[in-house]
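These notes concern the structure reproduced below.
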Amino acid sequence: AQSVTQPDIHITVSEGASLELRCNYSYGATPYLFWYVQSPGQGLQLLLKYFSGDTLVQGIKGFEAEFKRSQSSFNLRKPSVHWSDAAEYFCAEPTYSGAGSYQLTFGKGTKLSVIP
Amino acid sequence: KAGVTQTPRYLIKTRGQQVTLSCSPISGHRSVSWYQQTPGQGLQFLFEYFSETQRNKGNFPGRFSGRQFSNSRSEMNVSTLELGDSALYLCASSVGTGQGYGYTFGSGTRLTVV
């Protein structure tokens with residue numbers, strides 16, 4: 001079965017420090033990949049997406065992600081974290097479910113805490 | 001441009017009751033998907049509708065159903081509620097159906113079953 005793995009359940013960083021959230025995917029030689037962020041009690045907001053082409057993808061709020069096929073990884077990075085980045089982050093991949101339909105398969109999420 | 005609108009935001013229901021949740025997609029989006037989010041199971045796919053047809057359904061019992069109207073608005077219904085149905089229900093809309101389309105999520109409906 002297709003799966004998306006986020007190895008870190010919870011990460012704590014100091015404000016101003018750099019951040020890297022890990023994601024490994026298992027489906028597709030040329031996958032489509034997404035990173036979403038969820039603030040408490042809210043829905044999911046798309047940070048960035050990878051479809052093809054450049055392996056370094058820029059997103060909103062200063063986030064970027066690098067696609068590495070050899071490692072089946074799509075890690076999310078930010079050079080300097082702000083307190084407002086505290087949230088839960090989800091990596092996701094569309095997986096085929098038949099009849100031309102796809103569904104998003106999500107990782108379990110990484111909760112980010114930011115120390116002032 | 002209005003985003004994905006889900007109503008109501010919060011619901012409290014009693015075991016055995018039924019509930020209907022509503023989702024209005026972004027204008028021009030024809031695909032609507034529903035996901036259930038719980039602390040234990042994470043985000044799980046419920047179903048997808050495209051042009052009023054259910055394209056796909058996740059591994060949920062028949063108590064979970066949905067439909068899509070000609071204006072692309074969608075509803076999901078849960079009958080005979082169980083305590084385990086307490087969750088955040090998220091709706092996502094997309095221009096089309098396929099892996100290349102982005103998905104925009106609503107703020108969700110928080111359902112509590114007591």
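The values are calculated or read from the model by the stated rules, or taken from the named source; none is laboratory data. As the structure is a prediction and not an experimental result, all values here were calculated from the model. Ideal geometry is used to build each Cβ from the backbone, glycine not excepted, and the neighbour counts take in all protein chains shown. Please note that ligands, DNA and RNA were not included when accessible areas were found on the heavy atoms of the full protein model with its side chains. Shrake-Rupley method; radii C 1.70, N 1.55, O 1.52, S 1.80 Å.
Observations on the structure shown:
- Share of carbon and sulfur in the accessible heavy-atom surface of chain A [1.4 Å probe, %]: 50
- In straight-distance terms, cross-link reach from A:LYS61 covers every one of the aspartates and glutamates whose alpha-carbon lies under 12 Å from its own, apart from those fewer than eight places away in the same chain; here that gives A:ASP85.
- Interatomic Cα distance distribution for region A:51-96, bins of 10 angstrom, percent: 21, 53, 23, 3
- Taking other residues whose beta carbon is less than 9 angstrom from the beta carbon of B:PHE64, and scoring Lys, Arg as +1 and Asp, Glu as -1, yields +1.
- Calculated P(r) of chain A - Cα pairs past 19 Å, %: 43
- A DSSP coil position with no more than 15 other Cβ atoms inside 10 Å describes the following GluC sites (Glu not before Pro) in region B:18-114: B:GLU52, B:GLU82.
- Accessible area that becomes buried as B packs against A, both chains, 1.4 Å probe, Å², nearest 100: 1900
- The average projected area of the protein assembly as shown, computed from the convex hull of its Cα atoms over all directions, is 12.7 nm².
- Average partner coverage of B:85-95, which counts Cβ from other chains inside 10 Å: 2
- Neighbours of A:ALA99, meaning other residues whose beta-carbon lies under 13 angstrom from its beta-carbon, give a summed charge of +1 when Lys and Arg score +1 and Asp and Glu score -1.
- Once C-alpha pairs closer than 8 Å and six or more residues apart are averaged by separation and normalised to the residue number of chain A, the relative contact order reads 36 percent.
- Both numbers refer to the Cα atoms of chain B; Rg and Dmax are 13.3, 40 Å.
- Flagged links, alpha-carbon separation over 22 Å, of A:LYS49/A:LYS78; A:LYS68/B:LYS57; A:LYS108/B:LYS57; A:LYS78/A:LYS111: A:LYS68/B:LYS57
- Looking at the protein assembly as shown, the accessible area is 46 square angstrom per residue; that uses a 1.4 Å probe and ignores ligands, DNA and RNA.
- Positions from region A:77-116 whose accessible area shrinks by 10 Å² or more when the full protein complex is built, not the chain alone, probe 1.4 Å: A:PHE90, A:PRO94, A:SER97, A:ALA99, A:GLY100, A:SER101, A:TYR102, A:GLN103, A:LEU104, A:PHE106, A:LYS108
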